[in-house]
Amino acid sequence: MNESLPYKYASKEFQPENTNIEIMDRVIGTSRFHVIAGPCAVESREQILESAWAVKEAGAAFLRGGAFKPRSSPYSFQGLGEEGLKYLAEAKEQTGLPVVTEVMDVRDVELVAYYADVIQIGARNMQNSFLLKEVSQLNKPVVLKRGQSATLEEWLMAAEYVLHGGNSKVILCERGIRTFENFTRNTLDLSAIPGVKMLSHLPAFVDPSHGTGRWELVAPMAKAALAAGADGLLIEVHPHPDQALSDGRQSLTYKNFEILMSELRNMCKVLGREMK
Ligand code: PEP
Ligand code: MN
């Protein structure tokens, strides 16, 4: 093993074969391409139930929705908290879609883990080692977003915290990094996908919604992510993006999501990947 690498468990040297992560009957990290979709935030019972059915019908494998939102302003909608988690659980019960939702605070880990199938660690918390240690104790998959200014090595060190603590189910998620460019919200670093795959056995997703901040760029970047070898996507979809309480500017309508999903399915055929 390369002794100079700061991360061990996350490295390809430690484990040459790809990590596969089973969530219900989905297995991430294989030739199958999985899409996590749903609104940025759970806003109401109706909104999340309706969104869950819409993304399921379009072919999404997971439902997303934030109950605890890391907003830039304290005056912005902060999420419904446990009420939101309950609505997500109801959406799962109705549609059968496993739920991905963010935890921001060590004090909420137990609560979020009770309702969620997959725990999301957001970009702002990627280097919160206390939170990483806490989720390392769970027997639940963790989607680990790349920090806004994190190098691949720093990102893999964050994954190392979770793996070292005993949780081997880490899914990396590239969501754009800070650069001088301000046409986009972030600069989506698609080279990070083949990059982390050179260094690590962990599955890697792409979030073109936060990665661009503009819904018009989401479909092209989603397709590019599939071409770059991503294991899946995380995409924000809202029933009425112009009325969304968060991230409406980057959210797809149901219709645009459905079109994108059918394009991705066609691409999968050419690339030797599968999507349901
Ligand atoms: C989100 O997924 O809604 C989110 C807040 O993502 P990020 O942590 O990547 O900004
Ligand atoms: Mn969002």
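The values are calculated or read from the model by the stated rules, or taken from the named source; none is laboratory data. Computed from a predicted model, the values in this text were never measured in an experiment. With ideal geometry, Cβ positions are generated from the backbone for all residues, glycine too; neighbour counts draw on all protein chains shown. The area values use the complete protein model at the heavy-atom level, side chains included, leaving out ligands, DNA and RNA. Shrake-Rupley method; radii C 1.70, N 1.55, O 1.52, S 1.80 Å.
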Task: Unit charges on C-beta of K, R, D, E only; dipole of segment 128-276, Debye - done: 260 debye
Open item on the list: Charges at C-beta only: +1 for Lys and Arg, -1 for Asp and Glu. How large is the resulting dipole of the chain about its Cα centre, in Debye rounded to 20?
Closed with: 380 debye
Task: Protection-proxy order for peptides 68-76, 50-58, each taking the mean of Cβ atoms within 10 Å per residue, highest first - done: 50-58, 68-76
Open item on the list: At 1.4 Å probe size, with the rest of the protein present, what percent of the exposed accessible area of the chain is carbon and sulfur atoms?
Closed with: 52 percent
Open item on the list: Using a probe radius of 1.4 Å on heavy atoms only, what accessible surface per residue do you get for the chain? Whole Å² is fine.
Closed with: 43 Å²
TODO: Would you tell me the accessible area of MET221, worked out with a 1.4 angstrom probe on the heavy atoms of the protein chains, in Å² to the nearest 10?
DONE: 60 Å²
Open item on the list: Looking at the chain as a GNM with Cα springs under 10 Å, which of SER209, SER200, SER129 has the largest mean-square fluctuation?
Closed with: SER129
TODO: Tell me which residues come under 5 Å, amide H to amide H, from ALA41 once H is placed; ignore anything under 5 positions away on its chain.
DONE: GLY66, SER246
Open item on the list: Quick check for you: which residues of segment 196-212 have the amide N under 20 Å from the point 7 Å beyond the Cα of PHE14 toward its beta carbon?
Closed with: 196-205
- [ ] Let me know the Rg and Dmax you get for segment 92-157 when you use only its Cα atoms, in Å.
- [x] 12.4, 40
Open item on the list: What three numbers, in Å, describe the spread of the alpha carbons of segment 44-158 along their principal axes, ordered from the longest?
Closed with: 38, 32, 25
- [ ] Once you have the Kirkwood Rh of segment 21-269 from its Cα pairs, apply Stokes-Einstein at 25 °C and 0.890 mPa s and quote D in µm²/s.
- [x] 140 µm²/s
TODO: Select from segment 117-192 those GluC sites (Glu not before Pro) which occupy a DSSP coil region and have at most 11 other Cβ atoms within 10 Å, ordered by residue number.
DONE: GLU181
Task: When the convex hull of its Cα atoms is projected in every direction, mean area for segment 109-220 (nm²) - done: 7.1 nm²
Open item on the list: Tell me the relative contact order for the chain as a rounded percent, counting alpha carbon contacts under 8 Å between residues six or more apart.
Closed with: 20 percent
Task: VAL106 accessible area, assembled protein chains, probe 1.4 Å, Å² - done: 60 Å²
Open item on the list: Taking the full set of protein chains and a 1.4 angstrom probe, give the accessible area of PHE130 in square angstrom, rounded to the nearest 10.
Closed with: 150 Å²
